[in-house]
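Taken together, the values in this text are just the output of simple stated rules run on the coordinates, not laboratory data. Model, not experiment: these values are computed from the prediction. Please note: Cβ atoms are built from the backbone with ideal geometry, for glycine as well, and neighbour counts cover all protein chains shown.
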């Protein structure tokens, strides 16, 4: 007895193909719920300090500027900028050490509020590890200079 292909067989094949496609793409279909539930971000405030930079390196830095890293703007903003002139020692034959204020170089402390990614004890902002004592490249769309992280507060 010969069996012919009918509409019931076609319907069963279509259902099997659709179920297979749904099973293969279940992460894309249900993935949006999983991403919303998992969050590995913390709000922090940290202070970076740059010694020995010139005043013209800071002329374009303003409060509210956004940190730029890895070819994208990061979720970090400049909150406060403090500028001090550097004092340099003068060594002479006199046993007393005298200091003078350097007119060329300054010391800048910049307070930054950021949302950083964390994994265990490590915090990351745009590919840079956030840890006291580590170097930090202070970069916005207008300025860039090296600095060191001096203080971190986790909110």
Descending principal axes extents, the chain, alpha-carbon based, whole Å: 118, 30, 25
The chain: angle of helix 26-37 to the longest principal axis, Cα-based, in degrees nearest 10: 40 degrees
Residue order, fewest to most surrounding Cβ atoms within 10 angstrom, among 138, 123: 123, 138
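Can you put 112, 81 in order of Cβ neighbours within 10 angstrom, beginning with the fewest?
Exposure proxy ranking, most exposed first: 81, 112.
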GNM flexibility winner over the chain from 95, 135, 121 (Cα, springs under 10 Å): 95
Max mean-square fluctuation residue, GNM over the chain, Cα-Cα springs under 10 Å, options 24, 90, 132: 24
For segment 80-155 versus segment 56-72, the gap between their alpha-carbon centres in whole angstrom: 14 Å
Nearest 10 degrees, 0 to 90: helix 7-24 Cα axis against the chain principal axis: 20 degrees
